[in-house]
Amino acid sequence: MTLRLLPPATLAALASLELIARTAVEGVLTGMHRSPHFGFSQEFKEYRAYAEGDDPRHIDWNVYARTDRTYIKRFEGETNTRLMLLLDASASMGYGSHSVSKLQYAKFLAAAFAYLASRQQDPVGLIVFDEKIREHRPATSRSGGLHSLIHAIDNVQPGGGTDLAASFRGVREHLRKRGLVVVISDLYCDPELMTRAVQPLAYHGHDVMIFQVLDPAEIKPQWTESLVLEDVETQQAFNVSPDDIAKHYQPRLAAHLESLRIAAAKVGAQQMLVSTDEPLDQALRRYILFRQRRA
Amino acid sequence: MFLAPAMLAGLLAIAVPIWLHRLAKANPTRHPFASLMFLQASETQRTARRTLRYWLLLALRVAFLVLLVLAFAGPLLSPDAASIAPDARLHAIVVDRSLSMNYGDRWRRVQGTVDTVVAEARPGDQLTLVAASGRRFEVLHDRLPLRDAGVLRATLQKLEPSEERLDYGLLMTTASSWLTTPRLPTRLHLVTDMQQSASPLRFADLQPPAATQIHFHDVGDVSPANTFIAAMNFTGDASAAVKIGATAQPTLQQSVVLNVDGKEVARKPVEFPPRAGHAPLQGEGVSATPDNATREVEVQFTGLALADGAHRVIASLAPGDGFAADDRLFTLLEQSRPRVLLVSRGSNSDEAAYFTAAIGSLTSPRLSIEQQPAEALTGRRLNGAALVVEADVSTLTSEALLALDEYVAGGGSVLMTLASGSAARQTRLLAGLRIGEVVTAATRITQVQASHPVLRDSGDWHRIRFFRHLRVMAAADDKVLVALEDGSPLLIERQIGAGRVLLLAAPLDRTWNDLAIHPLFIRFIADAARYLIGQNAARSEALVGAPVLTGLTADAGGQIFDPSGKRVLALAAATPADRFVPTQAGFYEVRSNAGQRWIAVNVDRRESLLDRMPMAVLQRWLALRPQASAVASEVTPGLPLQRSLGYPLLLLAALLCLAELLVANHYLGVRRDARVTS
């Protein structure tokens, strides 16, 4: 099983981002032994008897009216669901303690989602942002659209700071139709700020999925000696020691992650933490299983 | 106060580490990180710690530089300024430990004299005790306060005279070094027997050091009587002459005893003629020398039938007098005479005369020379020859060359000269050697391997003129000991089988060169002969206190045993010790891979001459003006003693340097290891 995983460093060696996405997605789907249509929206598949614990929202009341029995509607992938990829290209995303930076990993993820949507003819769009929206590609399912999208993803470079509020205000202007919004970011921001940024999207009926991408050195730093760290966004520098990291940094990071998770749940979004040393196909599999559980 | 205040300008160097630290602080090595939003709270504390640590390094560096500069500036400290009187003096008591101080009760008088000097010293004065003998002037106590005079006396009680000679000239010329500076105005108390024989060759050597006043304390005797063995010579194969000296008319009836290899072989009475006349001496085989202050008689021993080999001979006086140290004389007698076969064109040839004269000059070992014409050389003649000297190889017959080849291969030694006809000779002795044409241009010697035993003492080879020479190319295994200006070798050493050959690539012909008439030729041939017959240049006789070549080399180790059988060389030093200084009279044994040999060590006979320096000479000595002071602050009359702090400061600087290295290495280690190991 381990052999089938795709370490980010291995994927990075592949020249084409499209090839990376294809390799990851096909590997995931083959491994799951299921229909390739694990879409982003819902399509009727079958009825089954209601069982305790099932979501009552999925009960087909028409059938109940006709038969006086409760049945649950099962759904499968449905075409024409719009996928919009929101890719954070702030300077902090350029950080990487090993061969794959956070931005590179985010690009893998974005390309994989684009490929997954494209193979079931869903329109895919892209918004690249940092302090503001740097690039916008409307969702499309045209032939050749995937290539240009992946090319656009491939060209993204880390930029300036992060301003979720300003960026998401612009995003709302570009998202007229409902669909799935995938946010890929390291979310170095105030959780409350993130709530305010994402909430309008959820209210407009978007299904919001947030991937928080972090480097393993951020999740669990392992410096053995004191050193001077410089913030890649603000250029501020501090001299830090391993003791201080163990005592202060990690509890604060854990609290921050928990706050983000609560904030996301509050606005009806899903959040998933991904480490850049996690195999890409494993991250995708986690996402799909996460979606299945949610369905 | 500083000895060299100009050196304080070096303190400006402190700016360098300060500047470096500022530079280092402004440009620390930074590691990029995604966000420091979780790291802000503890930044101040950590920065403070870092700054403190770097300050420690900076402080160490600055302190090191300050100490280094101060050490070179030579700060002077006056720790006892309050206790030192303005008229305080340093009493440097120099005790003569030479052999002659064993005479009578001189040494006991030394103790009393030193007590007197100490008693006459004033409070605040300082005492220095120096033991002088041979080439060693040992400072036993340096600038002791007068209250510690007991320590000085205790040291003196343990001191004994040595068997070495004291030279007043050496004592005074080195006084500036063992009288450390700066010091108080000094009185140099020379406690000695004022031996006339201790006077230097140059009277000016007796000049005292700067600001030093000499006081003589004569512990000698008015008319000392001493009889001693002055010399011993072996005048023939079975005879010896022992010379006995006396500083006064002996009152004791004494005999000369000849002891060979531990056994008494002869004994003869000694009678000195009356000082007034030149009456014939009494007794068989006794002859007198002209009368003077120290008289000598010679006792002849004949019929000494000694076997071949080296013999340890001791000539002694029995019974001994009150000064027993010079009543014995040790010498080595090499009974056998190695035979040198000199092969030449004829007995009257020039080269034969040159070689005979040079080899005949050797006294240790003495060699017997047998001269043979080239055509008469056979293998039988070569048997038993310690050395073959071949004046011109081109004159030898084929049979003679063959015999010579076998002789060398069997371990024989040959010294030969080449001439223009040598190239045509087919012999192993010249194998691999390319002998070219005769070069008629004048040339000189430019390369001499002066460390080789043959060339070590022979002198200036560069003065020899060559009017013509052979162009020769040495073989790869040859050792070229001397080479001419054009690189052509002049003296080559070759190892053939077990034997050894020295090739002189020029004939002893005045039309070729002036080597044979040059003063170094005799010494060179003698050393070459000694070297080839296995007698190296190490001397077999020496004096107590004088360095002796051991003949030991790094390649062939060995050990030396003193007359009492104790090892002289420490085990660690046994291999490289090529010389040593004997400390007692007797036979020293040198054992090495080359075999066993003896060195006869005697006390210097000048110590036996107990006459004192004339009063006029002493007055002239006292009248000598002290040397001019080389160091400005050497002596400051009336001011308290100032002690230089240079050495302790230098020591402290070295310690700080070590600490700086450790601290800096720690910081360096921090930077080296400061990487993420995720």
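Of note:
- Top-ranked residue of the stretch B:398-449 - restricted to ones that are closer than 26 Å to B:Arg381 by Cβ and surrounded by fewer than 14 Cβ atoms within 10 Å (Cβ to Cβ), ranked as nearest to the chain's Cα centre (by Cα): B:Gly411
- Residues that are of a type in the set (A, V, I, L, M, F, W, C), surrounded by fewer than 18 Cβ atoms within 10 Å (Cβ to Cβ) and farther than 27 Å from B:Ala542 by Cα, drawn from the stretch B:211-235: B:Phe216, B:Val222
- B:Arg122, sole failed condition from (1) part of a loop (DSSP other than H, G, I, E, B); (2) at pLDDT below 85: (2)
- Residue count for the stretch A:207-228 satisfying the condition of being over 17 Å from A:Asp88 (Cβ atoms) and not β-branched (Val, Ile, Thr): 10.
- Top-ranked residue in the stretch B:39-90 [being at pLDDT 85 or above and aromatic (Phe, Trp, Tyr); ranked as nearest to the chain's Cα centre (by Cα)]: B:Phe72
- Against the list (1) closer than 25 Å to B:Leu618 by Cα; (2) in a helix (DSSP H, G or I); (3) touching a residue at least 60 places away in the same chain (Cβ under 8 Å), the condition B:Leu170 fails is (3).
- Unique match (being under 25 Å from the mean Cα position of the chain (by Cα), farther than 30 Å from B:Pro185 by Cβ, surrounded by fewer than 20 Cβ atoms within 10 Å (Cβ to Cβ) and modelled with pLDDT under 85) among B:Val568, B:Val548: B:Val568
- The numbered conditions (1) facing chain B (nearest Cβ under 7 Å); (2) surrounded by fewer than 21 Cβ atoms within 10 Å (Cβ to Cβ) are all true for A:Leu193 except (1).
- Selection count, the stretch B:580-599, where residues are assigned to a strand (DSSP E or B) and modelled with pLDDT of 75 or more: 11
- Test result for A:Ala202, out of contact with any Lys or Arg (no Cβ under 8 Å at 6 or more places or on another chain), away from chain B (no Cβ under 14 Å) and either under 21 Å from A:Leu109 (Cβ atoms) or of a type in the set (A, V, I, L, M) (or both): yes
- The criterion of at least 2 residues that are free of Cβ contacts under 8 Å to residues at least 24 places away in the same chain and more than 28 Å from the chain's Cα centre (by Cα) is met, among strands (runs of 3 or more DSSP E) falling completely within the stretch B:457-532, by B:489-496.
- Residue list for the stretch A:47-73, filter: on the phi < 0 side of the Ramachandran plot and modelled with pLDDT under 75: A:Tyr47, A:Glu52, A:Asp54, A:Asp55, A:Lys73
- For the stretch B:1-38, the tally of residues that are of a type in the set (A, V, I, L, M, F, W, C), within 28 Å of A:Asp231 (Cα to Cα), at pLDDT 75 or above and not in a loop (DSSP other than H, G, I, E, B) stands at 3.
- Conditions (1) outside any helix (DSSP H, G or I); (2) facing chain B (nearest Cβ under 9 Å); (3) in contact with a strand residue (DSSP E or B) (Cβ under 9 Å, 6 or more places away or on another chain); number of the one not met by A:Lys177: (2)
- Residue match in the stretch B:189-196 (condition: in contact with a Pro (Cβ under 8 Å, 6 or more places away or on another chain) and either crowded, with 19+ Cβ neighbours inside 10 Å or among the aliphatic types (A, V, I, L, M) (or both)): no
- Filter pass, A:Val171 being of a type in the set (A, V, I, L, M, F, W, C), crowded, with 16+ Cβ neighbours inside 10 Å, touching a residue at least 12 places away in the same chain (Cβ under 8 Å) and not in a strand (DSSP E or B): yes
- Any hit, the stretch B:368-385, residues being on the phi < 0 side of the Ramachandran plot, under 32 Å from the mean Cα position of the chain (by Cα) and outside any strand (DSSP E or B): no
- Any chance B:Tyr354 is of a type in the set (Ser, Thr, Tyr), part of a helix (DSSP H, G or I) and within 18 Å of B:Asp527 (Cβ to Cβ): yes
- Subset of the stretch B:395-419 [part of a helix (DSSP H, G or I), farther than 14 Å from B:Glu351 by Cα and among the polar types (S, T, N, Q)]: B:Ser398
- Listing of helices (runs of 4 or more DSSP H) fully contained in the stretch A:214-295 that carry 1 or more residues being within 14 Å of chain B (Cβ to nearest Cβ) and β-branched (Val, Ile, Thr): A:216-219
- Count of the stretch B:195-236 residues which are hydrophobic (A, V, I, L, M, F, W, C), in a strand (DSSP E or B) and at pLDDT below 85: 1
- Which numbered condition A:Pro158 misses (of (1) part of a loop (DSSP other than H, G, I, E, B); (2) at pLDDT below 85): (2)
The values are calculated or read from the model by the stated rules, or taken from the named source; none is laboratory data. A quick note: this is a predicted structure, and the numbers were derived from the prediction, not measured. Note that we place each Cβ from the backbone using ideal geometry, even for glycine, and neighbour counts take in every protein chain shown.
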